[in-house]
């Protein structure tokens, strides 16, 4: 059983291919170079496009796929003179938030007015908040690089949608020290040849990589790819692992559903879908000499979301959340038995 102590991602540490603020609106007379970006603005929304070649002039990004590729969608900063419709958003880049309009005709209501606005993380930062259900989205590919102070050996991705994931670790002194690409196609549920040929191809939604090179001050770069489609990630955690002990067979995993289900007098249900979270209960055998240190460690991470990994070979045992209860049973002369209850985040 392991836990991953997360590195806190800051503005200074993060480089992302997903824009937070929109680049200037596309202008037909401007000559764009390869990699230059421009926005197609509709109301408060900006769809960001990237130029595929030099000498790009007069080619409308909305209708010139040979010259432009769509990158992602962002929103403009709040403007008191703009009338926002329901579900339109306004960006507060300073706090990395997008405020969602709760009703039509939203004119000159400040973002601090809860009757008119609801805050969500901006697209760029959604994968670094503490909610799996808020996702960072991009077209074709998504690349994030994190410059780390200290040492890390783990990357965890949850609520993921991508065909492949590439993980690179590099340092200034040694260059690239780790580079692997993982195919996200899953063979789970394929039990015979009929299923192999006729069942729908599914992809893994979570990815855990531990035992990365334990170098000081590395840059970790993760690229999600799915050409021609949208890629997304709900949570990305980079951190250092800590071994807690040996997990005992009999671990329990479950899903907690927060959807609302109301029945009328005739038994007809009205279902309101809402978020869900995963939870788990694990039994861990810990050498007696390590119990005191483990107790102190758990005290340091009370009400703190971390990644818990029951077994590295079973991704389903990896949860991102907090522990609700931790108990130690002093059972044997050399071994203590601990129970750990994990509440996953929605």
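Each reported figure results from applying straightforward, stated rules to the coordinates on display, with no laboratory input. Please read these numbers as outputs of a predicted model, since none were measured by experiment. With ideal geometry, Cβ positions are generated from the backbone for all residues, glycine too; neighbour counts draw on all protein chains shown.
Filter the range 192-213 down to the residues that are closer than 30 Å to residue 154 by Cα and exposed (fewer than 13 other Cβ atoms within 10 Å of the Cβ), then identify the one that is farthest from the chain's Cα centre (by Cα). Steps first, please.
Going through the range 192-213, the residues closer than 30 Å to residue 154 by Cα turn out to be 201-213.
Restricting the remaining residues to those that are exposed (fewer than 13 other Cβ atoms within 10 Å of the Cβ) gives 201, 211.
Working: 201: 22, 211: 20 Å.
So, considering only residues that are closer than 30 Å to residue 154 by Cα and exposed (fewer than 13 other Cβ atoms within 10 Å of the Cβ), the one farthest from the chain's Cα centre (by Cα) is 201.
Condition check: surrounded by fewer than 15 Cβ atoms within 10 Å (Cβ to Cβ) and at negative phi. Does residue 113 satisfy that? It is true that residue 113 is surrounded by fewer than 15 Cβ atoms within 10 Å (Cβ to Cβ) and at negative phi.
Any residue that is surrounded by fewer than 20 Cβ atoms within 10 Å (Cβ to Cβ) and out of contact with any strand residue (DSSP E or B) (no Cβ under 8 Å at 6 or more places or on another chain) - is there at least one of those in the range 148-169? Yes: one or more hits. Applying the condition of being within 30 Å of residue 148 (Cα to Cα) and over 22 Å from the mean Cα position of the chain (by Cα) to the range 174-191 and asking which residue is surrounded by the most Cβ atoms within 10 Å (Cβ to Cβ) yields 177.
Strands (runs of 3 or more DSSP E) fully within the range 126-238 that include at least 1 residues being more than 17 Å from residue 7 (Cα to Cα) and without any contact (Cβ under 8 Å) to a residue 40 or more places away in the chain: 175-183. If I filter the range 216-234 down to residues being crowded, with 18+ Cβ neighbours inside 10 Å and closer than 12 Å to residue 153 by Cβ, which single residue comes out as farthest from the chain's Cα centre (by Cα)? This residue is 218.
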